[in-house]
Amino acid sequence: MVTPTVAHLEEHYADLKAKSFFPGLVKYMASGPVVAMVWEGKDAVKTGRVLLGATNPLASAPGTIRGDFAIDVGRNVCHGSDAVESAKAEIALWFPEGLNQYKLASEAWVVSSTSPPSSIAAQRLTWSWCPPFTTAVRVLNSPSARE
């Protein structure tokens, strides 16, 4: 868990700086700590994006993070890298000290022997829970949200 500075968030979202919603996005993201993480594996970016759901929570399938825990595109609960190139840049920004290196004991059970070595770490995706995640969960679990 980390509480990013405004400068850090402005760098992370630099590609959106010209958008009208940029100041509000930075303010929202700076409103509390985020849980930053990296997922790795085959097609991690594509698979991670499926798990996160569509950017617009109303278009997200049930069972996705945004489909289950978000209700507004401006508060879509989580961020995920949209491409391998952006994931590399985001990992460098959020984890400047680098990532822990390890080999899962279960790798031999889930990765075929015909896969290239280290294919499990071939792609990485960075994503994070946005600050008021617990608030979104409370709202979605309230009786009025279910009606």
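Within segment 2-12, at least one residue is outside any loop (DSSP other than H, G, I, E, B), under 30 Å from VAL110 (Cβ atoms) and at pLDDT below 90. Scanning segment 60-110 for residues that are over 25 Å from PRO33 (Cβ atoms), within 16 Å of the chain's Cα centre (by Cα) and open to solvent by less than 100 Å² (accessible area, probe 1.4 Å) gives GLY63, ALA83, VAL84.
Among the residues of segment 116-134, is there at least one that is over 17 Å from the mean Cα position of the chain (by Cα), open to solvent by 70 Å² or more (accessible area, probe 1.4 Å), at pLDDT 55 or above and among the aliphatic types (A, V, I, L, M)? No, every residue in segment 116-134 fails to be over 17 Å from the mean Cα position of the chain (by Cα), open to solvent by 70 Å² or more (accessible area, probe 1.4 Å), at pLDDT 55 or above and among the aliphatic types (A, V, I, L, M).
For segment 66-82, the set of residues classified as part of a loop (DSSP other than H, G, I, E, B) and either touching a Cys at 6+ places or on another chain (Cβ under 6 Å) or in contact (Cβ under 8 Å) with a residue 40 or more places away in the chain (or both) consists of ALA70, ILE71, ASN76, VAL77, SER81, listed by residue number.
The lone criterion from (1) closer than 15 Å to LEU93 by Cβ; (2) outside any helix (DSSP H, G or I); (3) of a type outside the set (Asp, Glu) left unmet by GLY63 is number (1). Scanning segment 83-97 for residues that are of a type in the set (A, V, I, L, M) and free of Cβ contacts under 8 Å to residues at least 60 places away in the same chain gives ALA83, VAL84, ALA87, ALA89, ILE91, ALA92. Once segment 8-59 is narrowed to residues that are over 14 Å from the mean Cα position of the chain (by Cα) and among the aromatic types (Phe, Trp, Tyr), the residue that is surrounded by the fewest Cβ atoms within 10 Å (Cβ to Cβ) is PHE21.
The values are calculated or read from the model by the stated rules, or taken from the named source; none is laboratory data. This one's a predicted model, so the numbers in the text were calculated from it and none came from an experiment. Heads up, the Cβs are rebuilt from the backbone with ideal geometry, glycines too, and the neighbour counts pull from every protein chain shown. We work out accessible area using only protein heavy atoms, side chains counted, and drop any ligands, DNA or RNA first. Shrake-Rupley method; radii C 1.70, N 1.55, O 1.52, S 1.80 Å.
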